[in-house]
Each structure stands twice: as C-alpha cells, then as structure tokens.
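One structure is given below, encoded as structure tokens.
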Amino acid sequence: MSKSGSLGPWVKRFLLDHLVEERNLSRNTQRSYRDTFALLMPYAAAAQNKPVDRLDVFDLSSDVLRGFLDHLEQNRRCSIRTRNQRLAAVHAMARFIAERSPEHIAWCSQIRAVPFKRFTRNELSYLDKPEMDALLAAPNRRTEQGCRDHALLLFLYNSGARVSEAASLLIGDLNLRPNQLGNVQLRGKGRKMRRCPLWPATVDALLTLVRNRSANQPVFLNRLGDAITRHGIHWMLRNHVRTASASHPSLLRRPISPHAIRHTTATHLLRAGVDINTIRAWLGHVSIDTTNIYAEVDLQRKAEVLAHSNDFSTTPTTNQRW
C-alpha cells in the first residue's frame, strides 16, 4: 500500500494542519478530536491485529467503527451523546481524507453511512430561586477562597456563561465601576464574542477579586495562583451544593453542574419577562431553536403550577434582580 494510504499521516494532517491551521478551532475542540483518535486507533489496531503505526486507511472499516462505538458505550460506559460526538469526529476526518484523496471517496461514504444514535434528551436541570439563593450563600465569604467562590457563582448566574468561558475570563474582559451596572465580554463557541450586563452586586464582588491585578491575568484563580480549570469549577460547585443542601435537600436529588446554572439563568430570565431573542444573545446561542428549549420548560412549569393552584386572582411578581 502506498504511503498515502497509511492512516497515521492522515490523522496527523487532520489534527495539526486542518483543525489548527485551516479551521482554527478552539483548544477544547481540538482536544476533543484528539481524544477520539487516541481511543480509536488502538482499538482499530487490536481489531486488525496490527501495530498502530502500520494501520491503513481501509483498516478503519465501517464494521471496525461500529465495534468501536459499541465499545465506547458498553465498556467505557460513555453516554450516547459522547458516542455521537466521537462519531462526528471520525466523519469529519473521513470527509477530510476523501476531499484530498479521490481513491478514498468510496471508503468515506461507508464511514459516513454509520449513523448517529437517537436518544431521549434529558430534562433540563435548573435551580429555583430559593435554591439558587442558598447556593450563593453557601461560600464562607470571611475567607479569601470563599469570596472567590461567591464571586464565581454569582458571575455564572448573572452572565449564564459556559464553564469554559468563566475559566478563560481575563480581567481585561471586565468593565466595572463600583455600585453600578457593568458588563463583560465573553468568548463563546466558534470564537464568537458577546457582551453581557453585570449587576452592581456582581460588579462589587468582582472588583474585590481583581483589585491591584493586571488586565492580562485570569479573573478566577486557584490556590496556586493559576487560572482555575473547568474541573476546578465543577469541584467547587459540588462542595457548595452539599453545603446548600442542608437547607434545600432538593439540590441532592438531581445533578447540579455549571451548565445547570446556565439553564437557571435562562429560565429565570424568561420568567422575568425577558424576550427569547434577548436570551439567545445573552447566552450566545447561534440558533433560536436552542433557546426555545427554555420556553418549553417554562410552559411545563406554568402548567404544573396551574394544575395545583386554587387561586387564579394573584399575579406573580417579576424577579426584580433581572
């Protein structure tokens, strides 16, 4: 087989040249694609009884790919969503190879014929207002770390930022004035930029956090003085959920992640009367269809309240924070 049929060089070109140089995808996306092939190539080598560096493009057959996807679900206990994410990466590489090597077009068609698996979307997890207030009150603000945790939780709730956006936030991205509304510039998916308003309470908490620090430093630091990681934010949130569950046991009955706080932001905005297009821009959604999920969730909630309510004369008050 010619060198152009060897799988290794194609994977290298795809990961380093195409994703980085041509597409300029985010670091997290690059890592996700890399991790897919770090799992796939040893599996394919074992399936074909070959060393990894001797694999040919045609060794990655549709049958091997299906076996790999079953391996992800059954042996690695990956969710269907993760399985589909890995498959999307392989589809992308197959298309990349076929566009540059016509002799692999038929192979590409077979690989891309492997379908994504349908799955039931989980119900969105979000916090009601008393639960969110309990979570914000959980950090011990008499300590330096407690002040950071409170500011971080308040920022996530206020902005609806993704966990990666909060972890990579720089002080220069903030526009803060004491006791006034501020704003923050966030770098979202696809390197899209958006600005979100910040409450005076959020501004004050952030000002305390970033005082006497330079604009190119991360806003949220860990104990070593480095930028907090996504894993660090998840760990911090789990600790404070346990603390807040003492007064609100309902917090332990469902998974609470940083993304659940993002869902909370959207749901509370909607209940406060903010229109769906503004929420779409607030969260950085490309499509309004993504944001419409929150409208459906809120309609379900309103139906539940209506079914259990005997008093139809009371008009709910607007959440003044929003």
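For the range 137-149, residues that are among the basic types (Lys, Arg) and not in a helix (DSSP H, G or I) total 2. If the condition is being of a type in the set (S, T, N, Q) and assigned to a loop (DSSP other than H, G, I, E, B), then the range 272-287 contributes only SER287. If only residues of the range 38-49 that are farther than 12 Å from GLY8 by Cα and surrounded by fewer than 14 Cβ atoms within 10 Å (Cβ to Cβ) are counted, the one that is farthest from the chain's Cα centre (by Cα) is ASN49. Taken together, ASN179, ASN140, ASN216 contain a single residue that is of a type outside the set (A, V, I, L, M), touching a strand residue (DSSP E or B) at 6+ places or on another chain (Cβ under 8 Å) and more than 30 Å from TYR294 (Cβ to Cβ), which is ASN216.
Here is the figure for the range 14-44: residues that are touching a residue at least 12 places away in the same chain (Cβ under 8 Å) and part of a helix (DSSP H, G or I) total 16.
LEU152 falls short of the stated requirement of being within 30 Å of SER245 (Cβ to Cβ), touching a helix residue (DSSP H, G or I) at 6+ places or on another chain (Cβ under 6 Å) and in a helix (DSSP H, G or I).
Just so you know, all these numbers are worked out from the coordinates, no wet-lab data involved. Keep in mind it's a predicted model, so treat the numbers as computed, not measured. All Cβ positions, even for glycine, are placed from backbone atoms using ideal geometry, and neighbour counts span all protein chains on display.
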